[in-house]
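Have a look at the structure below before the remarks.
The numbers here are math on the coordinates, done by the rules we state, and not lab data. The structure displayed is predicted, hence computed values, not measured ones. Cβ: placed from backbone, ideal geometry, glycine included. Neighbour counts: every protein chain shown.
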Amino acid sequence: MSTIGDLGEFGLIGRLTRRLRPGRAVRLGPGDDAAVIAAPDGRVVATTDLLVEGRHFRRDWSGPYDIGRKAAAQNLADVVAMGARPTALLVGFAAPLSTPAAWAERLYDGLDDECRAAGASVAGGDLVGAPEVTLAVTALGDLGGEPPITRSGARPGDVVAVRGRLGYSAAGMRLLAEGRDGPAELIEAHRRPQPPYAAGEEARALGATALLDVSDGLLQDLGHIAAASGVRIEVDSRAVPVPAILGADGPRHVLTGGEDHAFAGTFPADTVLPPSWSPVGVVAEGAGVLLDGREPEVAGWDHFRA
Ligand SMILES: Nc1ncnc2c1ncn2[C@@H]1O[C@H](COP(=O)(O)OP(=O)(O)OP(=O)(O)O)[C@@H](O)[C@H]1O
Ligand SMILES: Cc1ncc(C[n+]2csc(CCOP(=O)(O)O)c2C)c(N)n1
Ligand SMILES: [Mg+2]
Ligand SMILES: [Mg+2]
Ligand SMILES: [Mg+2]
């Protein structure tokens with residue numbers, strides 16, 4: 001079995017980049033000092049997120065293909081959450097030299113497939129030998145001439161709505177931690193989030209006043225909209241859909257579980273929301289997030305508290 005150490009830095013770069021398919025916005029991809037990405041709008045949306053072994057994923061819980069998909073998805077979702085179309089990813093990849101080359105190749109297949117699903121591609125990156133697997137992913141996006149949908153535009157009277165799965169990843173992680181092997185749908189959801197990438201364009205068409213992706217937990221992430229917009233967000237727990245598959249702790253997973261990368265937005269009160277968007281609360285004057293009129297004890301994930 002060949003390892004990435006056997007291949008060497010440039011051998012591995014060649015093996016990995018060969019797996020990537022060219023993307024629509026990439027004018028010059030891997031191979032030079034930098035990539036060249038089309039930015040027809042003249043403004044580039046840029047975002048970066050780290051994934052660290054043992055903190056974001058475990059190699060005994062997830063295979064390389066799913067880790068690649070997750071690393072891409074969490075960054076592509078941030079671009080979509082700005083109301084932009086993802087164009088390209090840059091991937092910093094650190095791994096032990098004993099890592100099987102096939103593991104690294106499957107990681108790149110996952111990155112490439114998730115990019116495809118969002119209309120982007122991997123345009124470049126960096127490679128380092130290191131004691132643990134770490135991925136530092138940067139995503140770029142195109143606003144198509146439209147203004148970004150920020151966290152700061154929510155206004156009192158707006159309705160708060162969510163699109164996409166919530167709580168599945170947290171429920172799946174709990175099962176993995178307990179050594180259980182089902183329900184498969186939950187475990188798969190933890191390994192591979194499925195952000196509904198169409199939500200960005202939908203939210204824009206619906207006149208969203210603020211938008212973000214739910215990475216840390218619904219209540220906590222809504223807190224970012226509340227803070228940036230200078231408003232209070234009031235969530236009604238009875239309005240938040242809790243699928244039965246999530247089990248007894250379903251309500252907690254849905255309200256505070258991260259990593260599904262659903263989208264949460266605020267919309268003018270008279271907006272007619274399609275069924276894919278579930279209204280979960282309202283925007284009011286004030287500050288913070290209230291759940292059924294009270295401050296929640298737990299709101300979501302915090303790296304420095306976990
Ligand atoms: N080390 C840093 N240096 C500069 N800015 C940072 C740093 N870390 C975070 N930020 C900025 O803080 C803001 C919030 O970051 P955060 O990572 O919470 O958002 P997110 O990527 O949407 O969420 P998540 O990381 O949970 O997926 C972003 O605008 C981000 O660019
Ligand atoms: C091994 C392992 N332990 C814990 C977790 C849970 N977890 C890690 S990061 C995060 C929030 C989003 O991260 P970020 O804010 O960095 O985007 C959550 C819920 C996991 N996925 N794997
Ligand atoms: Mg981040
Ligand atoms: Mg985000
Ligand atoms: Mg976070």
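Observations on the structure shown:
- Backbone phi angles across the range 249-264, fed through the Karplus curve with coefficients 6.51, -1.76 and 1.60 (θ = phi - 60°), yield HN-Hα couplings of 8, x, x, 5, 4, 5, 7, 10, x, x, 6, 7, 6, 5, 10, 10 Hz in residue order; Gly and Pro are listed as x.
- Extending 7 Å from Cα along the Cβ direction at Glu295 and again at Arg43 yields two label points whose distance is 3.5 nm.
- When both bridge partners sit in the range 4-142, DSSP labels roughly 65% of those beta bridges antiparallel.
- Dimensions of the range 195-306 from C-alpha coordinates, computed as largest minus smallest value along each principal axis and given longest first, are 36, 33, 27 Å.
- Dividing the mean sequence gap of close Cα pairs (under 8 Å, 6+ apart) by how many residues the chain holds gives a relative contact order of 21 percent.
- Taking 0.36 nm per residue of sequence separation and removing the Cα-Cα distance, the Thr17/Ala184 pair yields an extension gain of 57.0 nm.
- Placing one equal scatterer on every Cα of the range 40-176 and applying the Debye formula, the log10 ratio I(q)/I(0) at q = 0.14, 0.17 Å⁻¹ is -0.71, -0.97.
- Equivalent ellipsoid semi-axes - Cα gyration tensor, the range 1-63, angstrom: 28, 20, 10
- Near Ser215, the amide H atoms lying under 5 Å from its own belong to Glu259; only residues 5 or more places off or on other chains count, and H is placed 1.01 Å from N.
- Between the range 73-112 and the range 193-216, the C-alpha centres lie 20 angstrom from each other.
- Extension gain, Ala205-Phe10: 0.36 nm per intervening residue step, less the Cα-Cα distance, totals 65.7 nm.
- Cα centroid of the range 1-19 to Cα centroid of the range 150-178, whole Å: 38
- Under the simplified labelling scheme, the Asp32-Asp109 pair shows an inter-label distance of 3.1 nm, with each label point 7 Å from Cα along Cα→Cβ.
- Label-to-label distance for Arg155 and Arg116 is 4.3 nm, based on points extended 7 Å past Cα in the beta-carbon direction.
- Helix-only [θ]222 nm of the chain, DSSP H runs n ≥ 4, -39500 (n - 2.57) each, per residue, nearest 500: -9500 deg cm²/dmol
- Packing rank of 166-174, 110-118, where each peptide gets the mean count of other beta carbons within 10 Å, highest leading: 166-174, 110-118
- Percent of Cα-Cα distances greater than 36 Å, calculated over the chain: 19
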